[in-house]
1. Pulled fully out, how much extra length does the chain show between Met1 and Lys49, if you take 0.36 nm times their separation in residues and subtract their Cα-Cα distance?
2. Given the whole protein assembly as supplied and a 1.4 Å probe, what does the accessible area of Phe395 come to in Å², nearest 10?
3. Report the full-extension gain for the segment Gln373 to Ser302: residue separation times 0.36 nm, less the Cα-Cα distance, to one decimal in nm.
4. What nm distance separates the two modelled labels at Ser388 and Thr335, each placed 7 Å from Cα along Cα→Cβ?
5. Using θ = phi - 60° and the Karplus form 6.51 cos²θ - 1.76 cosθ + 1.60, what ³J(HN,Hα) does each residue of the range 322-334 get, whole Hz, x for Gly and Pro?
6. Once fully extended, how much extra length lies between Lys220 and Ala155, figured as 0.36 nm per residue of separation less the alpha-carbon to alpha-carbon distance?
7. Ignoring ligands, DNA and RNA, what accessible area per residue does the range 318-440 give at 1.4 Å, in Å²?
8. For Lys280 paired with Tyr409, estimate the spin-label separation in nm (one decimal), with each label point 7 Å from Cα along the Cα-to-Cβ line.
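The values are calculated or read from the model by the stated rules, or taken from the named source; none is laboratory data. No experiment lies behind these values; they were computed from the predicted model shown. FYI the Cβ positions are ideal-geometry reconstructions off the backbone, even for glycines, and counts take in every protein chain you see. These accessible areas exclude ligands, DNA and RNA; they are computed on the full protein's heavy atoms, side chains included. Shrake-Rupley method; radii C 1.70, N 1.55, O 1.52, S 1.80 Å.
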Amino acid sequence: MLKVALVGKPNVGKSTLFNRIINKKKSIVNDQPGVTRDRIYSDAIWLNKEFTIIDTGGITNKEFSFKQNIEEQVKYAIDEADVILFVVSNKDGVNNEDHYAAKLLKKFKNKKIILVVNKSESSNRDDKIYYGLGFGKPYYISAEHKIGTGDLLDAVINTKTSIAKAKIDKNFSFCIIGRPNVGKSTLLNTIVQENRSIVSPIAHTTRDAIDADFKYNGEKFTIVDTAGIRRKGKIGDEIELFAIMRTQQAIDRSNLILFVIDGSESFNEQDEVIGGLAYKANIPTIIVVNKWDNVKNKDQSSMRKMEVDIRTRFKYLAWAPIVFISAKENERVATIFKTIELVREQLKIKVTTSALNNVLARAQISNPPPRIQGDRIDIKYGTQVKSSIPTFTLFTNDPKHLHFAYMRYIENTIRESFGINIVPITVYYKDKNARIRTEK
């Protein structure tokens, strides 16, 4: 598939153009320069032709904390792209930063580079300035007002490349969530074996969700690194609000969650809040205890003690498997994929209706349900229904007689009977005679 990268100095509207092309708000747009730091990917389509668009951080000759990291990300994007959209601003004109970016781009002689003059709402245009950058005829557009983007995209999709049309397979996707600075980006980079996401000891470095496709043991995966989440009371600006939204969106489109916590520090309230997001998502979750190499005075019982502490803190994720790793040292990272395989096996479990009903009958005989409002629940029969996680519908005399403790007992019985112990399950209780009662 054709890959197109957006490159240019900060605040020329690259992220606005990115969002315009994909027709959704995925890349953070803000007047503050340097908001986009990593490279952001999305699929796009124009005139029935599909391509991948890549947003990148701003290139600048000014020195600041992440300058080198951002330029590395931009070079990665340029390397893998077939077409480069070099974006400048008609509002600001051409300055030393534009020439600095142009000099970098001219090193990539085998790339198709299209000069894009954004923020061209007015008719004030000086062709000589833009031709002077050395990339030929510019395309004047306004990404914000949707002016000229159609002609630009026509030029993009008509670019002749040697790219073969490959079939796109839907990969098994998982996201990484956790509070800031627990090592999420380091884990992503270790897994994909390249510096896909910027790593820094400064908290809140990653602000966008970064998709990375890779293969492990011949199988295709997509991993999403997300911005660290702070407590709502500590959210200081609009960018952090966007980061929280991105995290939730990443969860929504993932098949599994890696919930990363720092094993070298005490758990805090924010770990529990983020664990709650994983629980509400109702998809498989693996609790990843990172930075285990930094834990001092470890002995043979250290892991077990940590597991007990985790189970106490995160009771709502009692089914989630726990793995201990050091992403920085690449220690036991392979256990994550072994655990993912075990999780996927349990997701495939199919329970026959007869086996389920035998278990339900024995459970009610062994432990009869308590009386609620003078009556007790009677589970008549149950069946497994099709779903992304093991899901069961149980038909009863009246669900209002169901006590939450007995609900938990039935769920645990189903888990133990059919070996479903490391993935979430859903049990619905329905009134067998609901329709008849409604008619009456």
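1. 16.3 nm
2. Surface open to solvent at Phe395 totals about 50 Å².
3. Numbers: separation 71, 0.36 × 71 = 25.56 nm, distance 4.73 nm.
Contour length minus the Cα-Cα distance gives 20.8 nm.
4. Taking the two extended label points, one gets 2.7 nm.
5. Using θ = phi - 60°, the values come out as 10, 10, 10, 9, 10, 5, 5, 8, 6, 9, 6, 5, 4 Hz.
6. Here the answer is 20.2 nm.
7. On the way: 6920 Å² over 123 residues.
That works out to 56 Å² for each residue.
8. The answer from the label model is 3.1 nm.
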